[in-house]
1. Give a quick list of GluC sites (Glu not before Pro) in the stretch 25-102 that DSSP marks as loop, anything other than H, G, I, E or B, with at most 11 other Cβ atoms within 10 Å.
2. Kindly state, to the nearest 0.05, the FRET efficiency for residue 117 paired with residue 80, given R0 = 25 Å and r defined as their beta-carbon distance.
3. Expressed in nm to one decimal, what extension gain is obtained for the pair residue 25 and residue 45 from 0.36 nm per residue of sequence separation less their Cα-Cα distance?
4. Run the helix sum for the chain: -39,500 (n - 2.57) per DSSP H stretch of 4+ residues, divided by residue count, reported at 222 nm to the nearest 500 deg cm²/dmol.
5. Expressed as a whole number of Å, what is the distance separating the alpha-carbon centroids of the stretch 63-120 and the stretch 1-45?
6. Given Cβ point charges of +1 (Lys, Arg) and -1 (Asp, Glu) and nothing else, what value in debye, to the nearest 20, does the dipole of the stretch 70-119 about its Cα centre take?
7. Once the principal axes of the Cα atoms of the chain are found, what is the range along each, listed largest first in whole angstroms?
8. With unit charges on the beta carbons (Lys and Arg positive, Asp and Glu negative) and the dipole taken about the Cα centre of the chain, which residue among 112, 11, 91 sits farthest to the positive side?
Amino acid sequence: MKGLTAKEEEIMDLFWEKGSLFVKEMLAFYEEPKPHFNTLSTIVRGLEEKGYVAHRAYGNTYQYYAAVDKTAFGKGSLRKTVSKYFNNSYLSAVSSLVQEEEISLEELKQLIAEVEHNRS
């Protein structure tokens, strides 16, 4: 599956948070200046082409919904990030998080304990 632009991710967040939406309904969730209806519609159709969104037809209008759940998207994004920036090494990724103090040693120990518990 192709990656998403920042705008596409923003729209996917709307679908994941709000559920099924018509493009016209999506405009209500934006602050001024709101994007143009046609701009949103184009992005949503692009998401559908990429396989992230599907629709139900109601006459001449479509109600769109997420075809990929947020957890699956997150796992795929993590996999790509580790591959691209950490030479496919999850150990390097975790090491970087510890070194940058994004995850504490205590949290790391807790994670190890959870993994060990789940494997037994």
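Read-outs throughout are calculated quantities, based only on the coordinates presented, and are distinct from any laboratory measurement. A quick note: this is a predicted structure, and the numbers were derived from the prediction, not measured. Methodologically, a virtual Cβ is constructed for each residue, glycine included, from the backbone with ideal geometry; neighbour enumeration extends over all protein chains shown.
1. 31, 100, 101, 102
2. 0.30
3. Length gained, residue 25 through residue 45: 5.7 nm.
4. Calculated mean residue ellipticity at 222 nm is -18500 deg cm²/dmol.
5. The distance from the Cα centre of the stretch 1-45 to that of the stretch 63-120 comes to 27 Å.
6. 480 debye
7. Here the spans come out as 54, 34, 24 Å, largest first.
8. So the residue furthest toward the plus end is 11.
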